[in-house]
Amino acid sequence: MKQTIQQAVKDISKAKNIVALTGAGISVESGIPPFRGKGGLWEKYDPMEFAHIQSFLRNPKRAWDMIKDAMQSLITGAKPNDGHLGLAKLEEMGLLHTIITQNVDGLHQAAGNTDVIEYHGTFAWVYCMSCNKRYRMEEIDLNTTPPKCACSGILRPDCVFFGEAIPYDALTRSQTVASQCDLMLVIGTSAVVHPAASVPYYAEQNNAIIIEINPSPTPLTGTLSHYIIEGPAGEVMRNIINSF
Ligand code: NAD
Ligand code: ZN
């Protein structure tokens, strides 16, 4: 790992425009499980049951009970780890410009990053499926599920379920920033959920250096990424920042 860290520090120092693409893995050390892999939510829930819009619409109570149990209770109270804080530091150093995240936990903003594209929306907000009124997740009562709007419509999280489109602004801006960067950090993503997994291809078209940080190889490893630093995001980012 030491050698790849040194290489990464060299590459990051030389880069002019760094963009990061992050996935559930960067929040694992904050206590939020990923979907896939060891300890992932998919070991407990069927993805199509848990995260598909049709399943939510068919039975919002059941969906909310799963969301509450598996995600919401963990996101509430979670703190950024050294992975998030390392990216905030890179922004402070003027190196990192934008984070494209697939996460819905708000931990990049909590760490201090100011330009975060939330590719799959956010759990910080919910909105009414009847009148579109928005509420902060923390102000709604989840003791009775599904939570309801003042108009008695059913509330849903402002995230992107399977079967739904990526918000237009997030999609187009991600393509733009990825195709302009000269170095992309791909951290904690299994790189199998499309279209998010295609974001690094825009960076490749600009001849950007693509560095993965992940304890396990992904479909990008050895194909698209120049190298992988195999390890947990928090530990790796801590080492990178301490090596400047
Ligand atoms: P994923 O669950 O498909 O894959 C997780 C990846 O993280 C794997 O490649 C795994 O090897 C890696 N990983 C595990 N521990 C790690 C660590 N300590 N450091 C770095 N990497 C680690 O995640 P995905 O690719 O982001 O796709 C799943 C989708 O699930 C996302 O699009 C997101 O919307 C949603 N999700 C979000 C959260 C969150 O907001 N924290 C949590 C779970 C799922
Ligand atoms: Zn309403």
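The values are calculated or read from the model by the stated rules, or taken from the named source; none is laboratory data. Predicted model only: the values in this text are computed from it and were never measured. No Cβ is skipped: glycine too gets one built from the backbone with ideal geometry, and neighbour counts run over all protein chains shown. In case anyone asks, the SASA skips ligands and DNA or RNA and just uses the protein heavy atoms, side chains included. Shrake-Rupley method; radii C 1.70, N 1.55, O 1.52, S 1.80 Å.
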### Under the Karplus curve 6.51 cos²θ - 1.76 cosθ + 1.60, θ = phi - 60°, whole-Hz ³J(HN,Hα) for segment 236-244, x wherever Gly or Pro sits
5, 5, 4, 5, 4, 4, 6, 8, 6
#### Entry: Per-residue HN-Hα couplings for segment 187-194 [Karplus 6.51, -1.76, 1.60; θ = phi - 60°; Hz; x = Gly/Pro]
10, x, 10, 6, 6, 10, 8, 9
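In Å², what does the accessible area per residue of segment 73-196 work out to with a 1.4 Å probe? Please report the intermediate quantities before stating the final value.
Numbers: 5470 Å² over 124 residues.
Averaged over the residues of segment 73-196, the accessible area is 44 Å².
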### Summary
Expressed as a whole-number percentage, the relative contact order of the chain with C-alpha contacts under 8 angstrom and at least six residues apart is 26
### Derived scalar couplings ³J(HN,Hα) [segment 169-174; Karplus, 6.51 cos²θ - 1.76 cosθ + 1.60; whole Hz; x for Gly, Pro]
5, 5, 5, 6, 5, 4
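Relative to the Cα centre, what is the charge dipole magnitude of segment 1-135, using +1 at the beta carbon of each Lys and Arg, -1 at the beta carbon of each Asp and Glu, and rounding to the nearest 20 debye? Numbers along the way, then the final one.
Numbers: 15 positive and 13 negative charges, 20 e Å.
Taking the Cα centre of segment 1-135 as origin, the dipole is about 100 debye.
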### Query
Check Thr98: other-chain or 5+ apart residues with amide H under 5 Å from its amide H, H built from backbone geometry?
Ala20
#### Entry: Relative contact order (%) - criterion: Cα under 8 Å, at least six apart; region: segment 12-150
25
### Message
I'd like to compare 101-109, 139-147: which one has the highest average count of other Cβ atoms within 10 Å, and what's the full order after that?
### Response
101-109, 139-147
### Query
Where in segment 1-24 is the amide nitrogen less than 17 Å from a point lying 7 Å along the Cα-to-Cβ axis of Ser216?
23-24
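Write down the percent of antiparallel bridges among all DSSP beta bridges whose residues are both part of the chain, to the nearest 5. The partial results should precede the final answer.
Numbers: 9 of 31 bridges.
DSSP beta bridges in the chain are roughly 30 percent antiparallel.
Just the number, please: carbon plus sulfur as a percent of the accessible area of the chain, 1.4 Å probe, no ligands or DNA/RNA counted. Mind dumping the intermediate values first?
Numbers: 5780 of 11340 Å².
Result for the chain: 51 percent of the exposed heavy-atom area is carbon or sulfur.
Only helical DSSP H runs with n ≥ 4 go in: add -39500 (n - 2.57) per run for the chain, normalise by residue count and round the 222 nm mean residue ellipticity to 500 deg cm²/dmol. Provide the component values of the computation, followed by the final result.
Numbers: 9 runs with 77 residues, N = 244.
Taking each H run of at least 4 residues, the total per residue is -8500 deg cm²/dmol.
Once R0 is set to 35 Å, what does the formula 1/(1 + (r/R0)^6) return for the Cβ-Cβ distance between Glu139 and His194, expressed as a FRET efficiency to the nearest 0.05?
E between Glu139 and His194, to the nearest 0.05, is 0.55.
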